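The structure under discussion appears below in the form of structure tokens.
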Amino acid sequence: MPPDCTPENRPSIAAAAKHMTILSPNHLEALALLGVEPSLDEPGLNGQIEQATSELARWLGNASTPPAEEPATDGSGRPHQQKAVIIRSGPLGICYALSSSSSHSSSSSPDVRWLPPVFGPDEQARVRDVTGGGNAFLGGLCAGLKLEGGDVDRGAFFGSLPPFPQIQSQSYEREPKLTDPLSPSALPLSKAILYGSVAASFAIEQSGLPTLSSPFPPPASDPTSTNGAQEVWNGSETALARLERYERLVARLAPQGE
């Protein structure tokens, strides 16, 4: 809970994090937990969020007992579990990092990455009430992991999805700065983050719950079929259509020729 994200509770939360697979606070919760006052300028806030993501990823990497039946190893024959910190950062997007429960991970610096928000700088007026956005994100994230071949229970984020770029910073005045494509081990997770972001986007467009419109009619060739039915949310579009639009946004921001 947000009121519990205080420096005083840091030791107990850090101890609990050792047993987590995914840790996902919002950026204000993460900074409050670390005792950091949020910067008022965007570059400074971006840096703070990246540092918080890296620190929380190290918490996850300090697990003393790796999970049973996990086949991946750290090269020494000791099994380890892939874990992730995902910091939901509102109009800045999503900042995240993979961690590992291997014994070497606590001393290394996690690879911190960004994905853009669904609603860009020119669409922020669509955000009406962020209540429930975090819960919707996490539900979409879990569904995305399941659909894309990741396993939230065992923390297996490996797969063979096409790479998605990540954004290092998101600005209202400039184009986002992009870095290289995601590593293969992060691909199901990165795609699942897109699912979570889309789910959250429907939750924050209005006060209260999203509204489900009547689905599109089935194809004329088979009026009794339910295969063509699509749920329209908030009277605007289907979840799949928004996901595809979001994927195109991410792809468009990718550096060309890399």
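Taking the conditions (1) at pLDDT below 95; (2) over 24 Å from I193 (Cα atoms) in turn, A84 satisfies each one other than (2). Taken together, the residues in the stretch 1-20 that are out of contact with any Phe, Trp or Tyr (no Cβ under 6 Å at 6 or more places or on another chain), surrounded by 12 or more Cβ atoms within 10 Å (Cβ to Cβ) and part of a helix (DSSP H, G or I) amount to 6.
Please indicate, with yes or no, whether at least one residue in the stretch 163-172 is crowded, with 19+ Cβ neighbours inside 10 Å, touching a helix residue (DSSP H, G or I) at 6+ places or on another chain (Cβ under 8 Å) and at pLDDT 50 or above. No - not one qualifying residue is present in the stretch 163-172.
Here's the yes/no breakdown for (1) modelled with pLDDT of 85 or more; (2) closer than 18 Å to F137 by Cβ; (3) part of a loop (DSSP other than H, G, I, E, B):
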site	(1), (2), (3)
E205	yes, yes, yes
L209	yes, yes, yes
P217	no, no, yes
S225	no, no, yes
Q230	no, no, yes
L243	yes, yes, no
L249	yes, yes, no
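T65 falls short on exactly one of the conditions (1) in a loop (DSSP other than H, G, I, E, B); (2) modelled with pLDDT of 65 or more; (3) among the β-branched types (V, I, T), and that condition is (2).
Being surrounded by 24 or more Cβ atoms within 10 Å (Cβ to Cβ) and either of a type outside the set (K, R) or at pLDDT below 75 (or both) is the filter here, so list the residues in the stretch 101-113 that pass it. Once the filter is applied, which keeps residues that are surrounded by 24 or more Cβ atoms within 10 Å (Cβ to Cβ) and either of a type outside the set (K, R) or at pLDDT below 75 (or both), the stretch 101-113 yields only S101. When every residue of the stretch 122-141 is checked against the conditions, none turns out to be modelled with pLDDT under 90 and in contact with a helix residue (DSSP H, G or I) (Cβ under 8 Å, 6 or more places away or on another chain).
The values are calculated or read from the model by the stated rules, or taken from the named source; none is laboratory data. Being a predicted model, the structure only gives us computed values, none of them experimental. Reconstructed Cβ throughout: ideal geometry from the backbone, glycine too, with neighbour counts over all protein chains shown.
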